[in-house]
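Notes follow the structure.
The values are calculated or read from the model by the stated rules, or taken from the named source; none is laboratory data. Since the structure is predicted, the reported quantities are computational estimates derived from the model, not experimental observations. Heads up, the Cβs are rebuilt from the backbone with ideal geometry, glycines too, and the neighbour counts pull from every protein chain shown. Protein only, heavy atoms only, side chains kept; ligands, DNA and RNA dropped before computing areas. Shrake-Rupley method; radii C 1.70, N 1.55, O 1.52, S 1.80 Å.
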Amino acid sequence: MIKVLVINSGSSSIKYQLFNMDGGTVLASGAVERIGEAQSLHRHRVHSDSGITESRHEQAVADHREGLSCIGTLLRESGAVTELSELFAIGHRVVHGGESFREPTLINAAVLQQVRDMIPLAPLHNPANVMGIEVALQQAPDIPQVAVFDTAFHQSLPPHAWRYALPDRLYTEQRIRRYGFHGTSHAYVAKQAAILLGKPLASLNLVTLHLGNGASAAAIAQGRSVDTSMGMTPLEGLIMGTRCGDLDPAIHFYLGRTTGMDNDAIESMLNKESGLKGICGANDMREVHRLADAGDAQARLALDMYCYRIKKYIGAYYAVLGRLDAVVFTGGIGENDIWMRAQCCSGLETLGITLDAQKNASTGNEAFDIHDAASPVSLLVIPTNEELEIALQTVGCIRNTEH
Ligand code: ADP
């Protein structure tokens, strides 16, 4: 059995999934959260044919090193592995790969240093990713480890899509450009869309909408990303749970002048206090709906703004692609929010986008289509699976390296 452990290391958490790659099934999964606090919580799930059993462990976990130790212990105790050394590989999610990483990459000292060098580009994410890699290398030094980058899928953007209209030296000297994120998810659902449509991915033009706590759109031409809504950082583009998305950059200076807020305060506000939360006080889409249904005008406005922004991107990316085969909804909101999907598609019938209300109302764990039988553009709901995609890319990377 080929076993691959996928690690997603955040600043105070480590999430993980252990896959059996002969079939892509999950053997175990879980998360160690609140690392560094007095009491950490480790939830560990064992997956089997008869279902999923979860155990919860509250204990002090001082740092990521201890966190990964706890994960190793529970993987062994629950029988998911006998020893970590039996793993085929470990795949790490890394948020920012800059321009250096277009592909998943086998980690060695030089690669790790390059990921460290990327920290100024992604100060909120890459330090924790680096920490996860460092402790995994220490605890499983003989297991091949692969970095899978959120930015890699979007390295195919043409320069006219990734350049900002700023002085040239900001790109040449400081690498300021659009990188795009959620690439693993966009890549995964694009592949699944090709399977669902029964056509080769290389023949398809798609708009993929990843709508979770973070949210981004991608324009995919013949299977390759040609534009995406997130930019140099994940702040640009769609409205998100707590991030503002597209914004007039002059607001930043205006705020500095009129309120005396410094850069850190403005950055924190745009990332953590804006988006749905900024408009109506709630960042969880289910709560926004609850408030709107109860008559809260701000929540209603938040929903309208959220869908309006998505609709603008669908239109813009349709123009970019010229021909559109399908729009794909994914992420917690894209997969579950029936009202929002209908709202984003309404009025787009002249573009060949026609929703079937009855199909849209269905739910499930599998991918399904929600377009009218006569709609020239397909509308698809596809559950994302970034962890499985990381595991698949990890195996692919090692096989390529071996050849
Ligand atoms: P993350 O980006 O952290 O992985 P998810 O992809 O799980 O997050 O998406 C979380 C979002 O999905 C939340 O805003 C949550 O309210 C929303 N969501 C989950 N279920 C539903 C639902 N049934 N209807 C509307 N929104 C939902």
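Tabulated results
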quantity	calculated
Average accessible surface area per residue within region 281-373, 1.4 Å rolling probe, Å²	49
Label-to-label distance, nm, for residues given as Lys191 and Ala319 (7 Å Cα→Cβ offset)	3.3
J(HN,Hα) series, region 340-350, from Karplus relation 6.51 cos²θ - 1.76 cosθ + 1.60, nearest Hz, glycine and proline x	5, 4, 5, 5, 5, 9, 5, x, 9, 4, 5
Calculated on alpha-carbon atoms, Rg and Dmax of region 200-280 in Å	15.7, 54
Using alpha-carbon coordinates, inclination of helix 386-402 to the longest axis of the chain, degrees	60
Segments 231-238, 121-128 sorted - mean Cβ within 10 Å per residue, highest first	231-238, 121-128
Using a Förster distance of 41 Å, the FRET efficiency for Leu247-Ala374 (Cβ separation, nearest 0.05)	0.60
Distance histogram in 10 Å bins (all Cα pairs of the chain, percent per bin)	5, 21, 31, 28, 14, 2, 0
Residues Thr259 and Leu351, FRET efficiency given R0 of 30 Å [Cβ-Cβ distance, rounded to 0.05]	0.10
Extension reserve of the Asp293-Asn365 stretch, reckoned as 0.36 nm per residue once the Cα distance is removed	23.3 nm
For His371, residues with placed amide H under 5 Å, excluding near neighbours	Asp356, Leu379
Fraction of accessible area attributable to carbon and sulfur, the chain (%, probe 1.4 Å)	52
Scaled radius of gyration (Cα, divided by 2.2 N^0.38 Å) that region 107-244 gives	1.16
Per-q log10 I(q)/I(0), region 1-131, q = 0.21 Å⁻¹ (Debye; single scatterer per alpha-carbon; no solvent)	-1.25
Angle between the chain longest axis and helix 183-197 axis [Cα atoms, degrees, rounded to 10]	70
Peptides ranked, highest mean first, by Cβ atoms within 10 Å: ranges 153-165, 211-223	211-223, 153-165
For region 80-197, accessible area per residue (1.4 Å probe, heavy atoms of protein chains only), Å²	42
